[in-house]
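Note sheet for the following structure.
Derivation of every value follows stated rules applied to the coordinates shown; laboratory data play no part. Keep in mind the model is a prediction, meaning the values are calculated, not measured. Here the Cβ is made from the backbone with ideal geometry for all residues, glycine too, and neighbour counts use every protein chain on show.
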Amino acid sequence: MDFTALIQTVTDFISAHPQLALGVIALLAFGESLAFISLLLPATVILLACGALIGESELQFFPVWLAATAGAFAGDWLSWWLGYHYSYRMTKVWPLSRKPALVQRGHLFFERWGAWGVFIGRFFGPLRAVVPLVAGICRMGVGKFQVANITSAAVWAFGILAPGALGIPKLAELFT
């Protein structure tokens, strides 16, 4: 299945089953934020498309935003926990084992920026997959981590969903 077909399949499923939308969106955000799955799952673009369903269907922005925030928060929390409890052994697990340079970049980024790195890292594709894991490996305190985690998850979810919810589809209609 190609990427465009995957996006269409997910958005069609959500449109046909709006009662499952929040769960699907939370799972997509979780996968996008979990250290291993995020390297395999192109959820950011799917979530952007889901944002376009807000207002076009019976989906409301606030619950969808909360679902995406919760999923992203949980994915980073689990990544941090895995790093904290299993340390560098986690970098030997596929697909991270095939991307040692990415782990090294994530480590350098975290060492330079600390808690701000956790916050900022969420907004940079591949770093999103490793910075929370590295924060755990580096034994970042849970309180500091969770503050950066929840605030970045909320801002990220808004940024992913708002363009579609607030008008990109409506703007596109003006030019077609």
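Tabulated values for the structure
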| quantity | calculated |
| --- | --- |
| Max mean-square fluctuation residue, GNM over the chain, Cα-Cα springs under 10 Å, options V134, V45, V103 | V45 |
| Loop GluC sites (Glu not before Pro), the stretch 1-109 (other Cβ atoms within 10 Å of the site Cβ: 11 or fewer; DSSP) | E58 |
| Residue order, fewest to most surrounding Cβ atoms within 10 angstrom, among T4, T44, T91 | T4, T44, T91 |
| Extension reserve of the L66-E111 stretch, reckoned as 0.36 nm per residue once the Cα distance is removed | 13.2 nm |
| Net charge over other residues, Cβ less than 13 angstrom from the Cβ of V24 (K, R count +1; D, E count -1) | -2 |
| Rough spin-label spacing in nm, given labels placed 7 Å along Cα→Cβ, for V93 and F13 | 2.3 nm |
| 14 Å beta-carbon shell around T44, net charge (K/R +1, D/E -1) | +1 |
| Highest-fluctuation residue, W77, W94, W65 considered, GNM on the chain with Cα pairs under 10 Å | W94 |
